[in-house]
Amino acid sequence: MIRTAAIFGILLAAAACEREAGRELNRSGDFGEATLSNAAVMSGERSFAIQLAGRFAKEVPTTINFDFDSARLDQTARSVLDRQAVWIKQFPEVRFRVFGHTDAVGSNGYNKSLGLRRARAAVNYLVSRGISRSRLEAVISHGETQPLVPTPERERRNRRTVTEVSGFLKRHPTVLDGKYAQIIYREYLESAIPGTTLTEQQSLERTLQ
């Protein structure tokens, strides 16, 4: 029995050695990504970030699309980004990433560059709407590698950027106090502009006419 347990322990250790334990040291050089991830899970930060990401995706459109071989924002894209900016302003403790994508037409290298230009265009627009650039990241481009519609042809739905919650600002007072739930369940006001200037009585009278 002891021998069996010992063999089983050796096999587990060998299997663990085959898996990647963590990434290299992060940019600041303080500690590894594995330690950072473990700390986030233990504090509940990772779970709360996932919940907030789900709320963001539910309450506002996260995706904009582009013309072929273009990083120009059309009116529809700007309207979507306007809604994202309003939402983001309600949560000053939160960071976001914008992922750039392309369709499969063109070389992988060119498409990665194009995807990054699209992500930066979206970030620059959000900045113009009053979002601090320090809260936005546009350094990741998936190029043509993650299509929504698998096809080698031109496909507008694949030419997109996707905005996602990436985490919390470490130095924000609410985050330092660990009040993640307070952030997640904060009320989001979709717009400060009322949808109509009619009073409730006027609306009722118009309905009855």
- Item | Partner lysines for Lys179 [C-alpha distance under 30 Å; skip if fewer than 8 residues away on the same chain] | Lys58, Lys89, Lys170
- Query: So how much accessible area does Leu176 have, in Å² to the nearest 10, using a 1.4 Å probe?
  - Reply: 120 Å²
- Where does each of 69-75, 97-103, 143-149 land if you order them by average Cβ count within 10 Å, highest first? 97-103, 143-149, 69-75
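The values are calculated or read from the model by the stated rules, or taken from the named source; none is laboratory data. Bear in mind the structure is a predicted one, so any value in this text is a computation, not a measurement. Heads up, the Cβs are rebuilt from the backbone with ideal geometry, glycines too, and the neighbour counts pull from every protein chain shown. Only protein heavy atoms, including side chains, enter the accessible area calculation; ligands, DNA and RNA are left aside. Shrake-Rupley method; radii C 1.70, N 1.55, O 1.52, S 1.80 Å.
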